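Here is the structure we will look at, set down as structure tokens.
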């Protein structure tokens, strides 16, 4: 039986991934702040920003395993959409702690664990490349996450790493993006609002199915690469979204 470790399994894409992998016969281990009640998923509650507490929680969850076939570092937060110049530094640091430094803590534990890991996928975002107005701390943290994957690829030579943008997904954070944030001031939100309720914005389980389906294909890219799921599944949409950046790939 293949083994997978997924973070952020209490909701959204993380819960979807845990559900899909479990249904496909994987042994799924997860961690989340609020816990995961999916049958068959072995989950521990853990605040990943508490770096001192993480090793003990992972020891209890994964310590007895002899390998991991897949690790998906999914847990993250959006933060506020707004002018970067008006954003308090403390708020930006909080987003960085969750989206970047928590993943360093996890990777460091896995490195010290020293057992075989087949594949690591860090969940990134197109925001890390597009740099649209208003995406402040989220875009900064995901851009740094892309580099984290690239740098750790040198330190995990026997593991394939990638930073994967899964596309837009209809999760709870879309309530904020589509209903509360100012789409006039921050035009990138208009694309999200137009996509909600259409095939362009799948729910968490459907999105997870797409991610799981492309896992083997991610290895066609060098370890440490940033990959957008749309580049694989919707090249035309990918080219429209990224414009000249797509042509330079």
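Taking every alpha-carbon pair under 8 Å whose residues sit at least 6 apart, the chain reaches a relative contact order of 19 percent. Placing dummy labels 7 Å off each Cα toward the beta-carbon, the span from residue 94 to residue 179 is 2.1 nm.
Each peptide in 33-40, 203-210 gets a packing score, the mean of other Cβ atoms within 10 Å over its residues, and the list from highest to lowest is 203-210, 33-40.
Which value results for Rg/Rh of the stretch 5-115 when Rg is the Cα radius of gyration and Rh the Kirkwood radius based on the inverse mean 1/r?
1.01
For the pair residue 104 and residue 65, the difference between a 0.36 nm per residue extended length and the Cα-Cα distance amounts to 12.0 nm. Label separation (residue 239 vs residue 151): 3.6 nm, computed from points 7 Å beyond Cα along the C-beta direction. For the listed peptides 15-25, 61-71, a ranking on the average number of other beta carbons within 10 Å per residue, highest first, reads 15-25, 61-71. For the stretch 27-43 versus the stretch 174-234, the spacing of their alpha-carbon centroids is 23 Å.
The simple spin-label model puts a point 7 Å past each Cα toward its Cβ; for residue 190 and residue 130 those points are separated by 1.3 nm. Estimated from helical segments only, the mean residue ellipticity of the chain at 222 nm is -13000 deg cm²/dmol, where each DSSP H run of four or more residues counts as -39500 (n - 2.57).
Every number in this text was worked out from the coordinates using simple rules, so none of it is lab data. Since we're looking at a predicted model, the values are computed, not measured. Using ideal geometry, Cβ is built from the backbone for each residue, glycine included, and neighbour counts are taken over all protein chains shown.
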